[in-house]
1. Inspect segment 21-34 for any residue being open to solvent by 90 Å² or more (accessible area, probe 1.4 Å) and modelled with pLDDT under 70 and give the result as yes or no.
2. Looking at this structure, is V39 in a helix (DSSP H, G or I) and modelled with pLDDT under 70?
3. Among (1) open to solvent by 90 Å² or more (accessible area, probe 1.4 Å); (2) at pLDDT below 75, where does G53 come up short?
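The values are calculated or read from the model by the stated rules, or taken from the named source; none is laboratory data. Just so it is clear, the structure is predicted and the values come from calculations on it, not from any experiment. We work out accessible area using only protein heavy atoms, side chains counted, and drop any ligands, DNA or RNA first. Shrake-Rupley method; radii C 1.70, N 1.55, O 1.52, S 1.80 Å.
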Amino acid sequence: MKKDNLKRIIKQFETLIEELKSEVYSDKESYVHPWDEHVKNTPRIINREDDDGYAD
């Protein structure tokens, strides 16, 4: 194959991959679980009264 043809094919593959990524990542509900959003929005509580006898 000629290099020009290979470069054109590679460019088309890259364009196709970008389109696929945009379709997949545009629908956040399809890859993010609702629990992850819940946990991210809650404040973390750090227990300072750790008296189990071990150094932390």
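1. Checking segment 21-34: not a single residue is open to solvent by 90 Å² or more (accessible area, probe 1.4 Å) and modelled with pLDDT under 70.
2. Yes: the conditions hold for V39.
3. (1) is the only condition that G53 fails.
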